[in-house]
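Some notes on the structure that comes next.
The values are calculated or read from the model by the stated rules, or taken from the named source; none is laboratory data. Since the model is a prediction, treat every value here as computed from it, not as a measurement. All Cβ positions, glycine included, derive from the backbone under ideal geometry; neighbour counts span all protein chains shown.
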Amino acid sequence: MVTAPLFDEVTWKVDNGNDLVILNPAGGRNLKGIKVNGKTLEGYYVGHELFKKGGLIELETD
């Protein structure tokens, strides 16, 4: 479950060597939506598989 971010960008390596990047380009605290690898999510749940494989999470905030 994703909540309001405390950061603008976080990058870390997952076990397979790929990066998982979480971006909050607007820098806001009011979560409006989430994109995972460019696709808009329904709701606020990001599956554990992404955290194992790596990818890009973009938070839409204001």
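Points to keep in mind about this one:
- Residue count for the stretch 28-62, restricted to those that are among the basic types (Lys, Arg) and either at pLDDT 95 or above or under 27 Å from ASP15 (Cβ atoms) (or both): 4.
- Test: residue in the stretch 43-50 that is of a type outside the set (Ser, Thr, Tyr) and touching a Gly at 6+ places or on another chain (Cβ under 6 Å): no
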